[in-house]
Amino acid sequence: MSDIASRLNTIRQRIANAARIAGRSEATISLLAVSKTFSAAMIRSAYAAGQASFGENYMQEALEKIEALADLRAQLEWHFIGPLQSNKTKWAATHFDWVHSVDRLKLAQRLSEQRPTHLPPLNICLQVNLSGEASKSGVAPADAISLAHALTTLPRLKLRGLMAIPAPADTLDAQRLAYRKLSQLFDALRTEGLALDTLSAGMSADLEAAILEGATLVRIGSAIFGMRARH
Ligand SMILES: *Cc1c(COP(=O)(O)O)cnc(C)c1O
């Protein structure tokens with residue numbers, strides 16, 4: 001078995017264990033393999049090991065890999081998860097299936113206008129800034145509900161749920177606390193009648209905490225592909 005195949009197995013086991021402890025079905029949690037900085041060949045190995053959804057952060061790099069893997073385009077699902085600049089929305093709208101990092105209306109309007117009509121609506125998550133750090137991307141929790149409602153009016157987008165990247169925390173309890181805020185917001189939006197099914201939360205270091213708090217999609221990079229050199 002390749003290194004990537006065996007690490008994917010380990011991650012799937014971590015997901016299954018966390019689901020069991022949370023009293024949830026493993027089938028409610030999907031795995032996004034975060035392939036930023038790693039090669040198209042490594043993505044191909046992960047695909048051979050049964051992984052079809054990949055997350056990328058940097059547009060130019062992502063487009064090169066999507067092109068290199070064009071033969072698999074119909075089998076793969078590409079998720080853009082990095083900060084998105086307005087001048088790159090066209091690429092996201094054209095080449096991706098999902099964008100997790102939508103945090104302002106202007107960006108969403110551009111994505112909706114630029115989504116090609118031959119493709120299904122672009123799946124999006126509203127990124128929430130849980131820590132309140134000014135430098136971080138994401139909408140403030142207090143503004144999330146009104147922005148979510150506005151996003152649902154855009155014809156070529158489908159709002160699927162929320163995404164967050166909390167500040168790193170050392171203990172399971174501290175990790176859970178941040179994710180609990182996110183899942184409470186998710187519940188509040190659903191109570192308001194928004195048909196959301198995706199809570200994009202959890203990375204290599206804290207996927208258990210995220211799953212205990214209701215994550216439906218975990219974004220895992222280093223635990224699958226290895227350590228990243230700084231980008
Ligand atoms: C890089 C990245 C991940 C994966 O992080 P790991 O710690 O390598 O699992 C998840 N989500 C986002 C938004 C990222 O940028």
Can you compute 3J(HN,Hα) from phi for each residue in segment 27-38, using the Karplus curve 6.51 cos²θ - 1.76 cosθ + 1.60 with θ = phi - 60°, rounded to whole Hz and x for Gly and Pro? 5, 8, 10, 9, 10, 9, 8, 8, 9, 3, 6, 9
What are the ³J(HN,Hα) couplings of segment 121-126, residue after residue, when phi is run through the Karplus curve with 6.51, -1.76, 1.60 and θ = phi - 60°? Round to Hz, x for glycine and proline. x, 6, 6, 10, 10, 8
Taking a 1.4 Å probe, which of M163, M203, M227 shows the most accessible area, and what order do the others take after it? M227, M203, M163
Where the eigenvalues come from the Cα gyration tensor of segment 31-84, what are the semi-axes √(5λ) of the equivalent ellipsoid, largest first, in whole Å? 16, 12, 10
Working with all protein chains in place, sort W91, W98 by solvent-accessible area computed with a 1.4 Å probe, largest first. W91, W98
Return the Rg/Rh value of segment 86-165, two decimal places, where both radii are evaluated on C-alpha atoms and Rh is the Kirkwood radius. 0.96
Taking N as the number of residues in segment 1-110, what is its Cα Rg relative to 2.2 N^0.38 Å? 1.17
Need one value: the accessible area of S86 in square angstrom, 1.4 angstrom probe, rounded to the nearest 10. 50 Å²
Centroid-to-centroid separation of segment 71-109 and segment 1-67 [C-alpha atoms, Å]: 18 Å
Can you run phi through the Karplus equation (6.51, -1.76, 1.60; θ = phi - 60°) for segment 74-79 and list ³J(HN,Hα) in whole Hz, with x for Gly and Pro? 5, 8, 9, 10, 9, 10
Long-range amide H partners of S53, meaning residues 5 or more apart or on another chain whose placed amide H is closer than 5 Å, are A33, E77
With a 1.4 Å probe and all protein chains left in place, how much of the accessible area of the chain comes from carbon and sulfur atoms, in whole percent? 53 percent
Here, L172 and K158, labelled 7 Å along Cα→Cβ, have an inter-label distance in nm of 3.5 nm
Give me the percent of Cα-Cα pairs in the chain that sit more than 23 Å apart, rounded to a whole number. 46 percent
Rounded to whole Å², per residue accessible area for the chain with a 1.4 Å probe reads 47 Å²
Using a 1.4 angstrom probe and counting only protein chains, how large is the accessible area of H118 in Å², to 10? 150 Å²
For segment 136-215, just say rounded, prolate or oblate: build the C-alpha gyration tensor, square-root its eigenvalues into a ≥ b ≥ c, call rounded for a/c under 1.5, and beyond that prolate if a/b exceeds b/c, oblate if not. prolate
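The values are calculated or read from the model by the stated rules, or taken from the named source; none is laboratory data. Remember, it's a predicted structure, so these values are computed and weren't measured experimentally. Here Cβ is always computed from backbone atoms with ideal geometry, including for glycine, and neighbour counts include all displayed protein chains. Note: accessible area is taken over every heavy atom of the protein model, side chains too, but ligands, DNA and RNA are not part of it. Shrake-Rupley method; radii C 1.70, N 1.55, O 1.52, S 1.80 Å.
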